[in-house]
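Peer 1: I have a structure here, written as structure tokens, and I will follow up with some questions on it.
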Amino acid sequence: MVSSNNKSGPVVLVSRKIEYSFPNSYAYLSGYLIEQGEKIKILFRKDDLNQLINEILALNPLLVGFGNLYPELYEISQIIKLLRSKNIEFPVVIGGQMVSPTPEFAVNITDADIGVIGEGEIILYQLVQALRKGNDPITVKGLVVRNKESTILTGAGEFIMDMRNLPKIPYELFPKEKWLKIGRWYVKNCPQPHWRFADKVINIQGGRGCPFICNFCYHHSIPRYKPIKDIVTEAKNLLALFKANMIYFGDDLTITGPEKARELVDYIKVYKIKASFSLSLRFDVLNKINDELLWELKKSGCRIMGLGVESGSNRILKIIGKRITKEKMIIDLERLKNVGILPTVSIMVGQFTETKEDVEESIEFMLKTVRYNPNIQYAFTITTPFPGSRLYEYIFKKGLLKDNKEFYDKYFCSSSDWKQVVNLSNMSDDEVAYYFDKINKLYIAEKKKMLKKAVFKIEALQFWFGRIHSKIEILYEKRKRNILLMILSSVFGIIYIIFQILLEKINLKLRGIKL
């Protein structure tokens, strides 16, 4: 039986490093446990894994929990391996998208004791209660438990059905200097007009689950939505609490139709919110929002809109399940340009049955939209059939891979951000790689044609000045007692802020973007 020898110890959750977004999953897990009277400690992964292990051990935890997305599965397995070498007397628990679609495989490959399947707030609390009382975890629903050489699935667990009952986030556990000034992260790592140096960003979740059926997505639960009034109220309170100036609606569920867009605009007016915001939206939803309402969204503060193009081929769009055509997407991107909302969009290469001709259509789509609006921000990926998606099921049904382990080995055999795990297209592997490289290069080249050279020089200066600033910060952290270095760091910090703000203003003016 899985048990813990530290029955009075805290629950220790180890989050990824905070870089450019707030870790909502850990925030809600810890918030729920705190509301139930539990002791929580949040740690953050770091480059020095031995230091992390020592921090975990020093806390004498009831359990230690890890989790997030599939690309983090290998890294977490290495942390657990180090923990095991210390003969720990508490269980290791994992959860998130890395676990839920393939729970038995996930706990076995990582050597974790227990996996949480699905949304974890209630399930994790019930597990904590069982461990404190010395009960067998297999009595808790919603888990996969390793018991000697076998794994046991305990059945479907409970989850929070009403989004109004989500726990309050214990922001004090998450150092705001790491997540609030996201604008500075973008300027330092990937300068773009969408995010500004002075942006202090609060993250708002609009709901959970998904009503759509894209073939590359993991669909884990039924869709549930927060009322728009509650969303705006939460945003207003957090803007005041953190003196923030930007709202990031981090999922596709804030606006699911024109009526929700109207509600959002109206409540922002009612609460007199003066802040910019970023929305994620589907094109088939944007297409139903008329020009007048789109203008009102812009005037109410909408600066950025994240959208998934995924392909410029109508045939591929239908296969994916996008419920939109390329012609309508082009019109909608033009509408965004006309009202002054900055789009961030994505295109994938290597979709199911995709041909060279399909990719050429995606390239044509990209070029046309960049020519109309050179401030559009594209990201390109190679189609990856992650666990839980329809594409993942297909690769085994057709015998393209034999099992979860083969997918894991192929995925983690390379450190490249975008690798081809399995070719689902009607192109050769070399052709997929060629077209992925081609669309990236043509995007950069087209932007250089459409924008003034000074724009790229300014953004290069922003980037490299950011690198220098980071190195000085690291040096100062290592030698805090050095008075001369402290003065140098402070002076350079002031110069850095002034320099970045000045460069940003020039850049936006050159791009034709109003502040």
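Throughout, read-outs are computed from the coordinates displayed, never taken from laboratory work. Since the structure is predicted, the reported quantities are computational estimates derived from the model, not experimental observations. A quick note on method: Cβ atoms are made from the backbone with ideal geometry, for glycine too, and the neighbour counts reach across all protein chains shown.
Peer 1: To the nearest 0.05, how large is the calculated FRET efficiency for K178 and R84 if R₀ is 25 Å and r is the Cβ-Cβ distance?
Peer 2: Efficiency, rounded to the nearest 0.05: 0.30.
Peer 1: Right, next: For the chain, what is the percent of antiparallel DSSP beta bridges, rounded to the nearest 5?
Peer 2: So the antiparallel bridges amount to about 20 percent of the total.
Peer 1: Now for a different question. Name the shape class, rounded, prolate or oblate, that the alpha-carbon gyration tensor gives for the range 458-511, where a ≥ b ≥ c are the square roots of its eigenvalues, rounded holds for a/c under 1.5, and otherwise prolate holds if a/b is larger than b/c and oblate otherwise.
Peer 2: It is prolate, given that a/c is not under 1.5 and a/b is the larger ratio.
Peer 1: Take every Cα pair under 8 Å in the range 237-333 that's 6+ residues apart, average their separations, divide by the length, and report that relative contact order as a whole percent.
Peer 2: Reported relative contact order: 27 percent.
Peer 1: Same structure again: Taking 51 Å as R0, compute the FRET efficiency from the Cβ-Cβ separation of I494 and E334 and round it to 0.05.
Peer 2: About 0.75, to the nearest 0.05.
Peer 1: When the label point is put 7 Å from the Cα of M486 along its Cα-to-beta-carbon vector, which residues of the range 165-182 have a backbone N closer than 15 Å?
Peer 2: none
Peer 1: Which FRET efficiency, nearest 0.05, do E327 and K448 yield, Cβ-Cβ r, R0 35 Å?
Peer 2: The pair E327/K448 has a calculated efficiency of 0.80.
Peer 1: Moving to a separate point now. If each residue's Cβ is checked for other Cβ atoms within 10 Å, how do D332, D437 rank with the fewest at the top?
Peer 2: Fewest to most other Cβ atoms nearby, the residues stand as D437, D332.
Peer 1: Expressed in nm to one decimal, what extension gain is obtained for the pair K269 and D284 from 0.36 nm per residue of sequence separation less their Cα-Cα distance?
Peer 2: 2.8 nm
Peer 1: Classify the range 320-394 as rounded, prolate or oblate from the Cα gyration tensor: take a ≥ b ≥ c as the square roots of its eigenvalues, call it rounded if a/c is under 1.5, otherwise prolate when a/b beats b/c and oblate if not.
Peer 2: prolate
Peer 1: Where the centre of each part is set by its Cα atoms, how far does the range 447-515 sit from the range 163-227, in angstrom?
Peer 2: Cα centroid to Cα centroid, the span is 25 Å.
Peer 1: Taking N as the number of residues in the range 157-264, what value does Rg over Cα atoms divided by 2.2 N^0.38 Å take?
Peer 2: 1.20
Peer 1: Okay, moving on. What does the convex hull of the Cα atoms of the range 407-467 come to per residue, in Å³, rounded to a whole number?
Peer 2: Dividing the Cα hull volume of the range 407-467 by its residue count gives 108 Å³.
Peer 1: Averaging sequence separations of C-alpha pairs under 8 Å and six or more residues apart, then dividing by the length of the chain, give the relative contact order as a whole percent.
Peer 2: 11
Peer 1: Separate question: Assuming a ≥ b ≥ c are the square roots of the Cα gyration tensor eigenvalues, decide whether the range 11-153 counts as rounded (a/c under 1.5), prolate (otherwise, with a/b larger than b/c) or oblate.
Peer 2: Because its axes are fairly even, with a/c under 1.5, the range 11-153 counts as rounded.
Peer 1: With the radius of gyration and the Kirkwood radius both derived from the Cα set of the range 402-515, what is their ratio Rg to Rh?
Peer 2: Result for the range 402-515 is an Rg/Rh of 1.18.
Peer 1: Test of understanding: ordering E104, E149 by Cβ neighbours within 10 Å, fewest first, what list do you get?
Peer 2: Final ranking by Cβ density, sparse to dense: E149, E104.
Peer 1: So if each residue of separation counts as 0.36 nm, and I subtract the Cα-Cα distance between S3 and K441, what length gain in nm does that give?
Peer 2: Taking S3 through K441 to full extension adds about 152.3 nm, to one decimal.
Peer 1: Right, another one. If you stretched the chain out fully between D162 and F396, how much longer would it get, using 0.36 nm times the residue separation minus the C-alpha to C-alpha distance?
Peer 2: 80.7 nm
Peer 1: Over all alpha-carbon pairs of the range 261-403, lay out the pair-distance distribution in 5 Å bins, whole %, shortest bin first.
Peer 2: Per 5 Å bin, starting at zero, the Cα-Cα P(r) for the range 261-403 comes out as 2, 9, 18, 19, 16, 12, 10, 7, 4, 2, 1, 0 percent.
Peer 1: Only Cα pairs under 8 Å and at least 6 apart count here; give the relative contact order of the range 23-163 as a rounded whole percent.
Peer 2: Over the range 23-163, the number comes to 19 percent.
Peer 1: Okay, moving on. Span-like helices, the chain: DSSP H, alpha-carbon axial extent 15 Å or more, mean Kyte-Doolittle -0.5 or greater, which ones?
Peer 2: 24-35, 73-84, 121-133, 228-242, 453-478, 483-511
Peer 1: Ignoring everything except DSSP H segments at least 4 long, calculate the 222 nm mean residue ellipticity for the chain; use -39,500 (n - 2.57) per segment, divide by total residues, nearest 500.
Peer 2: Value at 222 nm, helices only, nearest 500: -14500 deg cm²/dmol.
Peer 1: What area, in nm² and to one decimal, does the C-alpha convex hull of the chain cast on average over all directions?
Peer 2: 24.6
Peer 1: Would you list W195, W295, W464, W179 from fewest to most Cβ contacts within 10 Å?
Peer 2: So the ranking, lowest neighbour count to highest, is W464, W295, W179, W195.
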